[in-house]
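Asks: I'd like to ask you about the structure that follows.
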Amino acid sequence: MRKGVLSFVLLCAFFFVSGLSVSADTGISADEQRILDALNTGISVGGKTFYLDQKDVTQAENHLKQNDLTTSEVNQTVDSINQAKALIAAQTIDVSNINSLSDLIKALPADIKNQIRGLITSAANVLGLTISLDGVDSYSITTKQGNTAFATGSPVKNTGATYGYSLIVLVGLILTAIGAFVIGRKAQLA
């Protein structure tokens, strides 16, 4: 009887402890850091330098933390980013009333915007991502699994929330309650 109770308690403890293990993001390799460096480097047009919004860089960083890229994928992505930046920098437009990169892109001619869109789509394809245009200035990027990796508007936060550990803890608590009931019932009968 005691061996059965002890085995039951140890089994419950195992489920409880295994439910507390935590997984962390893998981090960004030195190679992947080149993508972030390319995104953080400004684009100079008409004597002004424009930068990507920090929330957009953070979303890219979150994606890189969760996904390992090959050197080839990094090279192709950095190449597409640099081509898009060079295309924008080569434009001669009046930037006196333009204060952000998104405003600068809006001011570009339609054919240049289409070329930039093609370069972005090319980089996304290399990374296994899909770009969905949700409007004139609104778009989202989704992973192969259908998760949103990037969206204009509010940032996608990397919470890493999963209910697996909660379920394991809940099962452990239920098993403990059942064990306590059985032990109490046996004690009453004795």
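Asks: Might you check whether a residue that is basic (Lys, Arg), over 21 Å from residue 56 (Cβ atoms) and modelled with pLDDT under 75 occurs anywhere in region 149-163?
Replies: No, region 149-163 contains no residue that is basic (Lys, Arg), over 21 Å from residue 56 (Cβ atoms) and modelled with pLDDT under 75.
Asks: Follow-up. So which residues in region 38-55 are in a loop (DSSP other than H, G, I, E, B), open to solvent by 70 Å² or more (accessible area, probe 1.4 Å) and more than 16 Å from residue 106 (Cα to Cα), if there are any at all?
Replies: Within region 38-55, 41, 47 meet the criteria.
Asks: Next question, about the same structure. Quick one: count up the residues across region 89-133 that are in a loop (DSSP other than H, G, I, E, B) and at pLDDT below 85.
Replies: Count: 3.
Asks: Further question: Can you tell me which residue is nearest to residue 54 (Cα to Cα) among those in region 79-116 that are open to solvent by 80 Å² or more (accessible area, probe 1.4 Å) and touching a residue at least 12 places away in the same chain (Cβ under 8 Å)?
Replies: 106
Asks: Now for a different question. If I ask for residues that are open to solvent by 70 Å² or more (accessible area, probe 1.4 Å) and charged (D, E, K, R), which ones from region 59-78 would you list?
Replies: Scanning region 59-78 gives a single hit, 68.
The values are calculated or read from the model by the stated rules, or taken from the named source; none is laboratory data. Nothing here was measured: the structure is a model prediction, and the numbers come from that model. Using ideal geometry, Cβ is built from the backbone for each residue, glycine included, and neighbour counts are taken over all protein chains shown. The area values use the complete protein model at the heavy-atom level, side chains included, leaving out ligands, DNA and RNA. Shrake-Rupley method; radii C 1.70, N 1.55, O 1.52, S 1.80 Å.
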